[in-house]
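Before any comments, here is the structure.
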Amino acid sequence: VMYSGFQYRHDPGVPLVGIGAFVLLTGLIICFYFVPARLYVRVDDIGAQRSRVGLAATTVKGYDVFESEFARLVVALKADNS
Amino acid sequence: MTLPLDEILIGIALGAYTLGALALVIYFFSQDESFRKAGVPLAILGCLAQFVQLAVRFETTHVWPLLNLYGSLSLFSAMSVAIYIGFAFRYRLWFAGGFVLALAAIFLAYGVTWYEGTMPPVPSLQSYWAKIHVPIVVSSYAAFLVAFVFSCIYLLKYYAARSGTGAVARWLASFPSLPQLDAIVYRAVAIGLPLISIGIITGAMWAHEAWGAYWQWDPKETAALFSWIVYLAYMHLHTRHAWRGLRTNWVSVIGFASIIFCYLGVNIWISGLHSYKV
């Protein structure tokens, strides 16, 4: 049997799916590699031109991941200070 | 008779992984530093030998080496070890290396049994997409393998710590804590999930060029979508305190089982557009 197949497609939704894929990937990368965090700094005057600096942070997600980052930040700040 | 260079390199990699796995498994149980010092260079040597092997093979045959199970499994084990080495250097996780290397050796040895010479792939697969889609997907599988190994160690520690006494408890205490192990699994999945997402999207684009439709519910596509949903569920459940830890690590184990089905089960047992038979 001799035959041939023809296919004609009209996919008007393709750009929309493309945008969707782009948004999905951007969202995943933002979600995994950028941790939103709020830093709190408290400066207490302890006299004689000295002050004690307290540092705290809260984050809504990924705090296992953020914990080490925060620890690095504190170490860096201490090194900067001395 | 002299063996071709790429087969010598496969032999070096297999040998290095086997010996390295042995040394690091002994290190896992004995925590004797000398076994770690023997195992780590072997892991690096095997990994390098594998990447050189793939390059040599491409250079000598001029056929992109990843379009059959032999080459694909080779990249899978190489990427697993490479991702693991990255994690181990960054977070000091050599204690788990024996299991990663053992799995890499098994998958590499299994890949060798699929060696079919240097046949060019079927025409529909000869495309530049082979150089984008395949490495990305295989790297995502490799990241999930690393997540799987640490999930297993998490579960081992969780269950053994509940019943373990004395020596076992002391031995387990030397590993990272359960939340630390859980964070490592999370980081591995956080590498794998974006990669498999890009993999599925580029796969759809390649399918459009090669087969004329973006998505045809081919067994591979369905299985990949299923795995993607499992790991997406992992990520969502991980935000819930009640699920984080024990249950999410079981999800990671199930996810890796689904990845293996998607990767090997679909190719071996089910005939579809992704079974690369010529």
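Nothing in this text is a laboratory measurement; each read-out follows from the coordinates by a stated rule. In this text the structure is predicted, and so the values were computed from the model without any measurement. Heads up, the Cβs are rebuilt from the backbone with ideal geometry, glycines too, and the neighbour counts pull from every protein chain shown.
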request  = Take each of the peptides B:131-137, B:236-242, B:65-71, average the number of other beta-carbon atoms within 10 Å over its residues, and list them starting from the highest.
outcome  = B:65-71, B:131-137, B:236-242
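So, by mean Cβ neighbours within 10 angstrom, what's the order for A:18-31, B:78-91, B:202-215 with the highest one leading?
The packing order, highest mean first, is B:78-91, B:202-215, A:18-31.
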key: Peptide ranges B:180-186, A:54-60 listed from the most packed, as the mean C-beta count within 10 angstrom indicates   = B:180-186, A:54-60
key: For chain B: rounded, prolate or oblate by the Cα gyration tensor [a/c cutoff 1.5]   = oblate
query = Quick one: length gained pulling B:Trp269 to B:Glu33 fully straight, 0.36 nm per residue minus the C-alpha distance?
reply = 80.6 nm
note = With -39,500 (n - 2.57) per DSSP H segment of 4 or more residues and division by the full residue count of chain A, the 222 nm estimate, nearest 500 deg cm²/dmol, is -16500 deg cm²/dmol
task = Would you mind computing the Rg to Rh ratio of the protein assembly as shown from its alpha-carbon coordinates, Kirkwood style for Rh?
result = 1.04
query = Between B:Ser163 and B:Thr239, what length comes free when the chain is fully extended (0.36 nm per residue of separation minus the Cα-Cα distance, one decimal in nm)?
reply = 24.6 nm
key: Where a label projected 7 Å from the Cα of B:Ser124 along Cα→Cβ would reach, residues of region A:1-44 with amide N under 15 Å   = A:5-7
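Estimate the FRET efficiency between A:Leu77 and A:Cys31 by the formula 1/(1 + (r/R0)^6), using the beta-carbon distance for r and 35 Å for R0, to the nearest 0.05.
Working: r = 27 Å, r/R0 = 0.78.
Given R0 = 35 Å and the Cβ-Cβ separation, E is 0.80.
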query = With labels modelled as points extended 7 Å from the Cα through the Cβ direction, what inter-label distance (nm, one decimal) is found for B:Ile44 paired with B:Ala109?
reply = 2.6
query = Okay, helix-only estimate at 222 nm for chain B: each DSSP H run of n ≥ 4 adds -39500 (n - 2.57), divide by all residues, round to 500 deg cm²/dmol; what do you get?
reply = -25500 deg cm²/dmol
Crossing angle, helix A:14-33 versus chain A [Cα axis fit, 0-90 degrees, rounded to tens] = 20
query = Which distance in Å, rounded to a whole number, links the C-alpha centroids of region A:1-59 and region B:168-211?
reply = 17
task = Could you list which residues have their amide H under 5 Å from that of A:Ala57, counting only those 5 or more apart in sequence or on another chain, with H placed in the peptide plane?
result = A:Tyr40
message = Below 8 Å, C-alpha to C-alpha, sequence gap of six or more: please give me the relative contact order for region B:188-278 in percent.
response = 29
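For B:Leu225 and B:Leu5 in one chain, what is 0.36 nm times their gap in residues minus the Cα-Cα distance, to one decimal in nm? All intermediate terms of the calculation are to be shown ahead of the outcome.
Numbers: separation 220, 0.36 × 220 = 79.20 nm, distance 3.82 nm.
This chain segment gains 75.4 nm when fully extended.
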remark   = Expressed in Å to one decimal, the Kirkwood Rh of region B:1-156 from all distinct alpha-carbon pairs is 15.9
remark   = Longest principal axis of chain A (C-alpha) makes with the long axis of helix A:63-81 (C-alpha) an angle, in degrees to the nearest 10, of 40
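At 30 angstrom or more along the helix axis (alpha-carbon based) and mean Kyte-Doolittle of -0.5 or higher, what helices does chain B contain? Whole DSSP H runs only.
Within chain B the helices that satisfy the rule are B:5-30, B:33-61, B:69-91, B:133-163, B:178-211.
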